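Novice: Please see the structure below; I have some questions.
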Amino acid sequence: MLRSLVGSEMCIRDRRKKQQQKDPELHFMGYFTESVFESKDESLRVRKLAVTYYTEDDTVSIREFRQPNSGIDQSQFLSRQKVPKDGGDGSKLGLITIEDMYLGSVLPVYGRHITLTSCDAASRAYIYD
């Protein structure tokens, strides 16, 4: 009895592992800049983000890193969804896909231009190998 339970749990783990390898999540770090009009001390603010791309359904989620005592609302920037690419003039250029996710790329997300600066080792291996 114990052997069959352990064996079935191992099968479940193996299936999960294969699923993770098949449809991984790609994790990137990035930033966008915004103008600051209400302060005489700064004119430009850099906001740091964590961008997650889900290969199974081409969706993206973005969250902002917390900066203590900044006075800025920080948390989930964009919940998991398919994101249209902005054309700059209000036109839509399709959706963000895996081809748009590489280091140095600029993602146009709802009027903000997010620059991808780094990624984790698994994402780097998935994209560049």
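The values are calculated or read from the model by the stated rules, or taken from the named source; none is laboratory data. All values reported here derive from a predicted model rather than from experimental measurement. The protein model used for the area step is the full one, side chains on, heavy atoms only, and it has no ligands, DNA or RNA in it. Shrake-Rupley method; radii C 1.70, N 1.55, O 1.52, S 1.80 Å.
Novice: Taking all protein chains together and a probe of 1.4 Å, list MET101, MET29 from the most accessible to the least accessible. Don't jump to the answer; show the numbers that get you there.
Specialist: Numbers: MET101 0, MET29 80 Å².
These residues rank, largest area first, as MET29, MET101.
Novice: Counting only the heavy atoms of the protein chains, how much of PHE32 is accessible to a 1.4 Å probe, in Å² to the nearest 10?
Specialist: So the heavy atoms of PHE32 present about 0 Å² to solvent.
Novice: Please give the contour-minus-distance gain from LEU95 to ASP120: 0.36 nm per residue of separation, less the Cα-Cα distance, rounded to one decimal in nm.
Specialist: Working: separation 25, 0.36 × 25 = 9.00 nm, distance 2.33 nm.
Residue separation times 0.36 nm, minus the Cα-Cα distance, leaves 6.7 nm.
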